[in-house]
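Worksheet for the structure shown next.
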Amino acid sequence: MARIANPFRISYRGEYKSVMCVYKIWVGNKYFIGSAKALKQHIEQLSIGIDRQLRNGIKPDNLYYDLIIEIQKTNVQVVEAEVIYTAISGYSMLRSCYNELQICKNDSNCLNNTYHPYIPGWVSFKDKEEYTDFINNISNK
């Protein structure tokens, strides 16, 4: 696989560790909320993906669509990542991400195009089941 020499740059606000977390990506005063198993590796892959999509175009159904459109519109060269919650399990990460997304869904500065967290394949069956129960309990109230 060919390596991109200079992928789009994402810097970090404050201290960070390569931990499971919920994070914000800041583009000026606008932000995207996401989650990661290992932030450092996730950000490295995300920066390569953003760079590729800035060069080749992006599809509207992409999870990062509004984030990338904002990057194009503002023509920034660097955005910032900030850890907002360190998770101890896949379930706690998903639940915290869901809570953050529910808070931001009426905020015009939020760049998410969905308000339920993406559930990655590495999350254990038990954690997915627990998260599904949590969502079902909220929906039944």
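Read-outs throughout are calculated quantities, based only on the coordinates presented, and are distinct from any laboratory measurement. Given the structure is predicted, the values throughout are model-derived calculations rather than measurements. Here Cβ is always computed from backbone atoms with ideal geometry, including for glycine, and neighbour counts include all displayed protein chains.
The table for this structure:
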item	result
Computed magnitude of the charge dipole of the chain (debye, nearest 20; Cβ of K, R +1, Cβ of D, E -1)	280
Contact order relative to length of the chain, as percent, for alpha carbon pairs under 8 angstrom and 6 or more apart	31
Net charge contributed by nearby residues that have their C-beta within less than 12 Å of LYS24 (K/R +1, D/E -1)	-2
Computed [θ] at 222 nm, helices only, for the chain once each DSSP H run of length n ≥ 4 contributes -39500 (n - 2.57)	-13500 deg cm²/dmol
Mean projected area (nm²) of the alpha-carbon convex hull when the chain is viewed from all directions	9.4
Region 69-135: chymotrypsin sites (Phe, Trp or Tyr not before Pro) in DSSP coil with no more than 13 other Cβ atoms inside 10 Å	TYR118, TRP122
Dipole of the chain [Lys/Arg +1, Asp/Glu -1 at C-beta], most positive-end residue of TYR65, ALA87, TRP122	TYR65
LYS40/ILE88 FRET efficiency (R0 22 Å; Cβ-Cβ; nearest 0.05)	0.75
Dipole-positive endmost among VAL78, ASN56, CYS97 within the chain (Cβ charges, Cα centre)	ASN56
Folded to 0 to 90 degrees: helix 65-74 orientation relative to the chain principal axis, Cα	30
Karplus-derived 3J(HN,Hα), 6.51/-1.76/1.60, for each residue of region 44-60, Hz, glycine and proline x	4, 5, 5, 5, 5, x, 4, 4, 4, 6, 5, 7, 10, x, 10, 8, x
